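Notes to accompany the following structure.
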Amino acid sequence: MRTYIKGNYRRSIYQNDNGYHIGLFKVIDTNDEKLADYLDRVITFTGYFHELNDMDTYLFFGQLVYHEKYGEQFQVENYERCKPEEKDAIVDFLTSGLFKGIGEKKAKAIVDVLGKDTLKIILENPDNLLLIPTITKKNISVLHNQLIQYEKSYETILFLSKLGFSTKDSMLIYHHYQDKTREIIDTNIYQLVSDLYSIHFKKIDQIALRAGLKQDAMIRVEAAILYVMEEVSNVYGHSYYFQKEIFSYLPRILQIQIDESIYLQALEELEKNLKIIHQDEKYYLKEMYEAETLIAKRFLLLTKNCEELDFDVSLKIKELESFFQIQYNAEQINAIAASMKNHFFIITGGPGTGKTTILQAIVELYRLCHHFSYENLQEKIALLAPTGRAAKRMGEKTYVKASTIHRFLKWQKDTNTFQVNEYNKSKVELVIIDEASMIDTYLMANLLKGLSVNCRMIIVGDDHQLPSVGPGQILHDLIDSQVLPVIELKNLYRQGKKSNIISFAYDIRNGCIDHQYFNQQEDLTFIEKDLDLVVPTIMELSRTYQDLSDKEFQILAPMYKTLAGIDEINVKLQSIFNPKSEKLKEICIGESIFREGDKVIQLTNMPDENVYNGDIGFIEKIVVSPKKEIHIRFDQNIVKYTPSNFHCFRLAYAISIHKAQGSEFDIVIIPIVKNYNKMLYRKLIYTAVTRSKKKLYLVGNLDALDYAISNDKEDLRRTTIKQFLIHGIK
């Protein structure tokens, strides 16, 4: 008897051009007792595959082997895709969450006894369920009542399940389209991609091709064009594309070379149906064009509003200096005064120039001039930042509660929509945004939709830092247009004048480097090491800071999967900061081991739990039986995770530079080695260096550092906000 595991492909760890894969596989069944421990768990697999996707169920035939470095793996000799059966679809439906108390075992028992007409039999005579020993009267009542409620829908849901949709997606699709579901599927199944946020092109495309759709069908080409534009936008940050550029990407998506005439016809149809906007040889997704034009129009409108103040600014600023026991320099005084006069204003500058100090003054001056109490101020002003950590730091400095932009707009994760929007606007009168370099075009547009047209805005940020993860380069375009009111802070403030870290940061900004800064004082150290000694050196340094909090000490690196990468460093540092112990429960998730006490970072926004991308916390409790749970503490907020969202966090002894943006740490260690390759560029290193407040260690190669600082050729983003601001909108 051949050994097999049955289940679902999760993700690839490695693959080459010959079809060889190393990946992760969720096991739901096996015929080998040795593999029983992997039921409902993920196992690493290896083998050669023509195609794998996360929709289908597979049978992998092979054997369990042990790899010295990677541990147990299932070596696949051959495999087959399981054809979906009606019974399987019914089991999925019964375990979808609609029927409380019905798990997979009970669902299978019901279907084994009642067969493919299970639902019809239950509707006609629920007492037939008494034939199943494990079913209670309560189960029978719930099943029967819920089936009556879903009588009209379950056939459609089963139809969708047979096509290849998960039960969750089937329910989502039916709830959106109701009785028109089959009509939409038959007419243009790709409409689901634009109508439903969680339904993706690749999933729909596989289902459509499996159902017999021609590879060059017009609806498929149109959907592929939209998919290409959206994906390339997310990867490269562009807001528009050129005709030939889009066409060059299509063969990879369609898996065929289509005639250019078909492509041009599809492009014309999309333009006619207002799915894309064509202007001056540029092609935009409609949503992107509308976002860019909204941003340009709103900021130009706000810039026209400039008011004369009915109080003596100089006198008020002196009062602030006395109140905060501080003395502002001339640049800071100009910035504070301009913020009071202009309805739209940008404050930019590098580290040590006092941007946060100015925010504190602006908030207090606004309160005093409008005679608000601190309680009333919260209703009139919104302090916002792209990340939870940046928002928290902003609130601590201004003594006014700050929020992430997503939380302020009441973001709904499942639908990717905001409850504060053009139909339900916020009533705040002033919005101040910190760390604005991180805001992408879509998020800024959604923020403006949720604000009154007359709401004043102050934007603060450092344009030399990394641009947003999402498309666009908002802060850069606004400043570079030179048509909006901007003050750039250049004078170093307080300790910045004596800081080698800040002097080093400014050299990076200017594209030069003076090695004399290194190892002269305790705040800036470069340790020259070959690649194989970088991680051991980081381990040795880290032992010195074992007792520091997550706000005081952090390791930042550019890449995950490489020697001296984040993943390798995390495994090594876990053994230092939180070694294996009989007192600490631990759990294996994919390739990682997590144990109680581990430092972790949140990877996604979970607004319902008040935890956001980039937040750092500590595992407080791990439960392995009867159900797996991980409890993570983020400051005073404890969030409970179940297997469905275990992918939302990872170890954080080392984190990526991108994830650290918007945060500051007293002590930072940065590995810098040549094999980081394309990740060695100026803005990335500058962003990493400016995360450190008191002490910075660089470990690796001086040549790699010199190369990174000289490399200002990171992919430039194509956007048109600057053009719209200067020349107007056609």
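For Ile189, the conditions (1) within 36 Å of the chain's Cα centre (by Cα); (2) within 19 Å of Ala107 (Cβ to Cβ); (3) open to solvent by less than 50 Å² (accessible area, probe 1.4 Å) all hold with the exception of (2).
Restricting to the stretch 605-619, give me the number of residues that are open to solvent by 40 Å² or more (accessible area, probe 1.4 Å) and either closer than 30 Å to Leu563 by Cα or among the aromatic types (Phe, Trp, Tyr) (or both).
Number satisfying all stated conditions: 2.
Restricting to the stretch 657-687, name every residue that is open to solvent by less than 10 Å² (accessible area, probe 1.4 Å), under 19 Å from the mean Cα position of the chain (by Cα) and closer than 15 Å to Ala557 by Cβ. If the condition is that a residue be open to solvent by less than 10 Å² (accessible area, probe 1.4 Å), under 19 Å from the mean Cα position of the chain (by Cα) and closer than 15 Å to Ala557 by Cβ, then Ile657, Ala660, Gln661, Ser663, Leu684, Thr687 are the ones that fit. Of the residues making up the stretch 143-164, those that are in contact with a Leu (Cβ under 9 Å, 6 or more places away or on another chain) and open to solvent by less than 50 Å² (accessible area, probe 1.4 Å) are Leu143, His144, Gln146, Leu147, Tyr150, Tyr154, Leu158.
Filtering the stretch 620-635 to residues that are surrounded by fewer than 18 Cβ atoms within 10 Å (Cβ to Cβ) and not acidic (Asp, Glu) leaves Lys621, Val623, Val624, Ser625, Pro626, Lys627, Lys628, His631, Arg633.
Kindly establish whether Ala89 is open to solvent by less than 90 Å² (accessible area, probe 1.4 Å), modelled with pLDDT of 85 or more and over 20 Å from Gln15 (Cα atoms). Answer is no for this residue.
Within the stretch 508-517, restricting attention to residues that are in a helix (DSSP H, G or I) and in contact (Cβ under 8 Å) with a residue 24 or more places away in the chain, the residue that is least open to solvent (accessible area, probe 1.4 Å) is Ile508. Taking the stretch 297-336 as the range and being in a helix (DSSP H, G or I) and under 14 Å from Met457 (Cβ atoms) as the test, the residues that pass are Lys297, Arg298, Phe299, Leu300, Leu301, Leu302, Thr303. On inspection, Ile13 does not qualify as of a type outside the set (Phe, Trp, Tyr), modelled with pLDDT of 85 or more and outside any loop (DSSP other than H, G, I, E, B).
Name every residue in the stretch 218-263 that is outside any helix (DSSP H, G or I), open to solvent by 40 Å² or more (accessible area, probe 1.4 Å) and not charged (D, E, K, R), in order of residue number.
Residues satisfying the conditions are Phe242, Gln255, Ile256, Gln257.
Selection of the stretch 632-654 for residues being aliphatic (A, V, I, L, M) and within 20 Å of Ile527 (Cβ to Cβ) yields only Ala654.
Could you please let me know if Ser437 is open to solvent by less than 40 Å² (accessible area, probe 1.4 Å), part of a helix (DSSP H, G or I) and of a type in the set (S, T, N, Q)?
yes
Could we say that Ile638 is under 22 Å from Val571 (Cα atoms) and either β-branched (Val, Ile, Thr) or crowded, with 20+ Cβ neighbours inside 10 Å (or both) here? Against the criterion (under 22 Å from Val571 (Cα atoms) and either β-branched (Val, Ile, Thr) or crowded, with 20+ Cβ neighbours inside 10 Å (or both)), Ile638 does not qualify. Scanning the stretch 298-345 for residues that are crowded, with 16+ Cβ neighbours inside 10 Å and either touching a Pro at 6+ places or on another chain (Cβ under 8 Å) or basic (Lys, Arg) (or both) yields a count of 7. A count restricted to the stretch 386-431 and to residues that are part of a strand (DSSP E or B) and out of contact with any helix residue (DSSP H, G or I) (no Cβ under 7 Å at 6 or more places or on another chain) stands at 4. No other residue among Leu383, Leu359, Leu451 is touching a strand residue (DSSP E or B) at 6+ places or on another chain (Cβ under 9 Å), in a loop (DSSP other than H, G, I, E, B) and surrounded by 22 or more Cβ atoms within 10 Å (Cβ to Cβ) apart from Leu451. With respect to Leu466, is the statement that it is in a loop (DSSP other than H, G, I, E, B) and of a type in the set (A, V, I, L, M, F, W, C) true? Judged against the criteria, Leu466 is a match.
The values are calculated or read from the model by the stated rules, or taken from the named source; none is laboratory data. Note that this is a predicted model, so its numbers are computed, not measured. Because the Cβ atoms are built from the backbone with ideal geometry, glycine has one as well, and the counts that use them run over all protein chains shown. Quick note on the areas: whole protein, heavy atoms, side chains included, nothing else; ligands and nucleic acids left out. Shrake-Rupley method; radii C 1.70, N 1.55, O 1.52, S 1.80 Å.
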